[in-house]
Amino acid sequence: MAFLELLQIYKWSLPSSILMAAVLALIGAQWTAREKSAQIFVLGQGSSLGIVLGLVINILLGTDFHWLSLLLGLILGGLTLVLSDLMVERKSDRNHIYLTLFVFFLALTYLMTALTPSLESHMASAYFGDLAVMSDTAGKISLIAALVFAVFILVNWRHLTRISFELVNHSWIHRSLKNRLFDFGTLLVTTLAIQGMGYLFTIGSLFIATTFASQRSRNLRSYTLRILTISTLGCLLGFSLSLLSTNLPTVPCVLIGQILVGICSYMKK
């Protein structure tokens, strides 16, 4: 009964984190298929830098505008995405450039933290997150955003997969509206996830399910189902485990849960 009462307390954070994990896994699958895994790391770090910049401004001004961190996260993440597409995408050594940008953004983040001592208490939450202390408002917003984008991705899954194939083979000429919506949705969802659930949760959920699902899947349908199974069941398992023990942090449990479910799915033919 006590466990059911705990679930009632986390009635928004639990479903929002599960659905967000599933959507991030689907996003990660498309970005991996497009051979842009390194780029999304840079996008995430750019958004994270914007979120931290918003925290710095709030601290310096003595305000508490949560929307400011989200806005700056979207702006810097969007600039990172656009500029990396325009200037880096076609270079043969682009992965090295992406990693250099990642380190640069990370260095700027820590520099701002060092110059704003009171920001240190927020950094653990910004990077590692804690789903158990997510506010109901953040949970509702994340749930709605994840639900809307999940419907968009699943409805257009085959079309987006075909675009990913054509991009890798350099046969994609036109710029479709659906792909632009996919890029914008990626930016919005990842920024919301980083702000509400932490950088570690976001990056882990992007790639863990894809890593395991790509090994034993027979076709696109099997691959998609494995992604959704690993991300959702893993998140539910990890979240539940963290609730049963007050000493276990939520996000690491969630990611380990996804890995365990991924291993089980890998062993099952």
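What number goes with the only condition from (1) under 29 Å from ALA213 (Cα atoms); (2) modelled with pLDDT under 80; (3) out of contact with any helix residue (DSSP H, G or I) (no Cβ under 7 Å at 6 or more places or on another chain) that LEU86 does not pass?
In the conditions (1) under 29 Å from ALA213 (Cα atoms); (2) modelled with pLDDT under 80; (3) out of contact with any helix residue (DSSP H, G or I) (no Cβ under 7 Å at 6 or more places or on another chain), LEU86 misses (1) alone.
Of the residues TYR266, TYR223, only one is at pLDDT below 95, over 22 Å from TRP157 (Cα atoms) and of a type in the set (Ser, Thr, Tyr); which? Working first, answer last.
On the way: TYR223 fails: over 22 Å from TRP157 (Cα atoms).
Result of the check over TYR266, TYR223: TYR266.
So for region 216-236 (the condition being in contact with a Phe, Trp or Tyr (Cβ under 7 Å, 6 or more places away or on another chain), touching a residue at least 40 places away in the same chain (Cβ under 8 Å) and either within 26 Å of PHE102 (Cβ to Cβ) or of a type in the set (Phe, Trp, Tyr) (or both)), does at least one residue qualify?
Looking for residues that are in contact with a Phe, Trp or Tyr (Cβ under 7 Å, 6 or more places away or on another chain), touching a residue at least 40 places away in the same chain (Cβ under 8 Å) and either within 26 Å of PHE102 (Cβ to Cβ) or of a type in the set (Phe, Trp, Tyr) (or both), one finds at least one in region 216-236, hence yes.
List the helices (runs of 4 or more DSSP H) that sit entirely inside region 1-73 and contain at least 2 residues that are touching a Phe, Trp or Tyr at 6+ places or on another chain (Cβ under 6 Å) and modelled with pLDDT of 85 or more.
Numbers: elements: 2-9, 13-33, 37-61.
Filter on region 1-73 gives 13-33, 37-61.
Among the residues of region 41-73, write down those that are open to solvent by 50 Å² or more (accessible area, probe 1.4 Å), aliphatic (A, V, I, L, M) and free of Cβ contacts under 8 Å to residues at least 24 places away in the same chain. Quick ask: steps written out before the conclusion?
Of region 41-73, the ones open to solvent by 50 Å² or more (accessible area, probe 1.4 Å) are 41, 53, 57, 59-62, 64-67, 71.
Filter once more, so that each one left must be aliphatic (A, V, I, L, M): 53, 57, 59-61, 71.
Across region 41-73, the qualifying residues are ILE57, LEU61, LEU71.
The values are calculated or read from the model by the stated rules, or taken from the named source; none is laboratory data. If you're wondering where the values come from, they're calculated on a predicted model, not measured in any experiment. With ideal geometry, Cβ positions are generated from the backbone for all residues, glycine too; neighbour counts draw on all protein chains shown. Each accessible area value is taken on the protein alone, full model and side chains, heavy atoms only, with ligands, DNA and RNA left out. Shrake-Rupley method; radii C 1.70, N 1.55, O 1.52, S 1.80 Å.
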